[in-house]
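**Student:** Before we start, here is the structure in question, set down as structure tokens.
The values are calculated or read from the model by the stated rules, or taken from the named source; none is laboratory data. Every value quoted in this text rests on a predicted model; they were computed, and no experiment measured them. Heads up, the Cβs are rebuilt from the backbone with ideal geometry, glycines too, and the neighbour counts pull from every protein chain shown.
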Amino acid sequence: MQKAFLVGIIVSLISGIISVFVVLRRMSFIGAGISHAAFGGVAIGFFTGINPTITAIFFSIAIALGIEFVSRKGKVSEDASIGIFFASSMALGIVLISLSRNYNIDLFGYLFGNILAISDREVFLSFILAVFVIGGIVLFLKEIFITAYNEEIAQVSGISVRAINILFLILLSVSIVISIKIVGIILISALLVIPGATAQLFAKNLHIMIATSCVVAVLSTVLGLLISYELDIAPGGSIVLTATAVFLVSLLFKKRG
Amino acid sequence: MKAIEISNLTVNLNSLEVLKNINLSLDEGKFIGIVGPNGGGKTTLLRVILGLIKPSSGNVLVFGSHPEVVLRKGNTFGYLPQILKIKPNFPIRVVDVVMMGRYGKIGMLRWPKERDMEKALEYLSIMGMEELKNKPFGQLSGGQQQRASIARALAGEPRILILDEPNTGIDVIGQEDFYHLLNGLRKKINITIVMASHDIGAITSYVDEIACLNYTFHYHGNPLGALNETILTELYGKNVDVLMHTDICDKCERLRRG
């Protein structure tokens, strides 16, 4: 129970920060795409006997970079490449799972979240990965920000826009994978979008947007978990519905004021 | 060392020849105006100088180095693009936009300091925008956004300032102030300025040199020399009428008649 909240807070802090940039850089679809690609990565883990979290991280990063490479070359549009990569990763995952004949509860946990089965090792791993993501964002905050504002102006400031895009995709992939245990692959993309979208309604500058987004994410996660315990409903779904409610209330607030 | 040296530059974009046989030599500290019709290659030329577009053939040197090398250093250019694509509701205040002009000077893995904020505010106030510093950039009018963006291009105190149609959205009085500002800046920090404009009249009063560009250079030299019917017809096509509102007007009348 405590571990669930601990990992929940770590994951929601990371989601809050990353969500700001997913929303500003218009990457919601890529986020959904990488989340589904993670399924393929998890399946590879089951199939080969390697820790699924590790395989998911490497596979998601590979897919993310693949999308970046294919759409940059220009022959296929970005949204088409995302669609292709994510569907094929899922298909790969389904095939691998059927081959390993391992339809056990684990799979369900990865798809929909399984906060009750979080081990100490997983708490520790989440913490390390979270530090990695926060570190990456903090070190390159102004570069990521100016690239989101206008890529040409970023280039003229001496920034390698391509390197920043790749860095961000890596940070995004890691954030997605650490969120899997809490909300599951199916619903991760909600945590990547809702906190940032809510924050954008009110934020006048970047720091306020990040802070607001984190508050929304943590609040939704903690409330969502409490509600799921009280009503005995799926925690992942509960968290996302709570976040949605926060968003809708904020939207109403904004329209009135 | 020349600020810009271009020889035999040709640029093909999407299999179309956009610039052909461009030669240009510009000393440091000079102010050159590039005039010509839309679609004539002005923006492309500026972006080649910036290192954003690769030449198809020919040589381009900025302070003796290749433009991409200079671009990577991040502290040489100040750039005002012609059209600024900004997402609506982007969480950024006017002062933050101007601060972005300092990022090249600040460098990676470093944070803005007090001095950077001082410079940002200095150039904001030079552009007459100090009172709006905390306003969300997206809430500004077109002309105000343009002025804030100019402040951004200047805030890094670049060696070369590249301006693509900077007078869009700024009224005539604002334009005059802007030119005075640029000339004042030149005395202060020896800045080299390259400005593209389709407004040939206003620009001729303030620049050291003018180059008339439509796919290739039809003229390069003293500004007054550009106000020549032959050159203007070559540049813009037939039926060119020159309307000017400066004290060079008399000369212009005589040129048109004679």
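**Student:** Which members of the range B:14-58 meet the condition of being of a type in the set (D, E, K, R) and either part of a loop (DSSP other than H, G, I, E, B) or under 19 Å from residue B:200 (Cβ atoms) (or both)?
**Tutor:** Within the range B:14-58, B:27, B:28, B:30, B:42, B:54 meet the criteria.
**Student:** Among the candidates A:237, A:184, which residue alone is on the phi > 0 side of the Ramachandran plot and touching a helix residue (DSSP H, G or I) at 6+ places or on another chain (Cβ under 9 Å)?
**Tutor:** A:184
**Student:** Which of the residues that make up the range B:94-109 are in contact (Cβ under 8 Å) with a residue 40 or more places away in the chain, farther than 24 Å from residue A:23 by Cα and more than 7 Å from every other protein chain (Cβ to nearest Cβ)?
**Tutor:** Hits for the range B:94-109 are B:102, B:105.
**Student:** Go through the residues of the range B:71-93 one by one and say whether even a single one is more than 8 Å from chain A (Cβ to nearest Cβ) and assigned to a helix (DSSP H, G or I).
**Tutor:** No.
**Student:** Additional query: Need the failing condition index for residue B:46 against (1) more than 7 Å from chain A (Cβ to nearest Cβ); (2) without any contact (Cβ under 8 Å) to a residue 40 or more places away in the chain; (3) buried (at least 20 other Cβ atoms within 10 Å of the Cβ); (4) of a type outside the set (D, E, K, R), just the number.
**Tutor:** (2)
**Student:** Now for a different question. Kindly indicate the residue of the range A:118-164 that is more than 12 Å from chain B (Cβ to nearest Cβ) and touching a Ser or Thr at 6+ places or on another chain (Cβ under 7 Å) and also modelled with the lowest pLDDT among those meeting that condition.
**Tutor:** A:125
**Student:** Of (1) assigned to a helix (DSSP H, G or I); (2) without any contact (Cβ under 8 Å) to a residue 24 or more places away in the chain; (3) within 14 Å of chain B (Cβ to nearest Cβ), residue A:254 satisfies all except one. Which?
**Tutor:** Among (1) assigned to a helix (DSSP H, G or I); (2) without any contact (Cβ under 8 Å) to a residue 24 or more places away in the chain; (3) within 14 Å of chain B (Cβ to nearest Cβ), the lone unmet condition for residue A:254 is (2).
**Student:** Go through (1) more than 19 Å from the chain's Cα centre (by Cα); (2) surrounded by fewer than 16 Cβ atoms within 10 Å (Cβ to Cβ); (3) in a helix (DSSP H, G or I) one by one and return the number of the condition residue A:244 breaks.
**Tutor:** Single failed check for residue A:244: (1).
**Student:** Do you know which of the residues in the range A:194-211 that are under 20 Å from residue A:241 (Cβ atoms) and surrounded by 17 or more Cβ atoms within 10 Å (Cβ to Cβ) is farthest from the other protein chains (Cβ to nearest Cβ)?
**Tutor:** Per the criteria, the residue is A:194.
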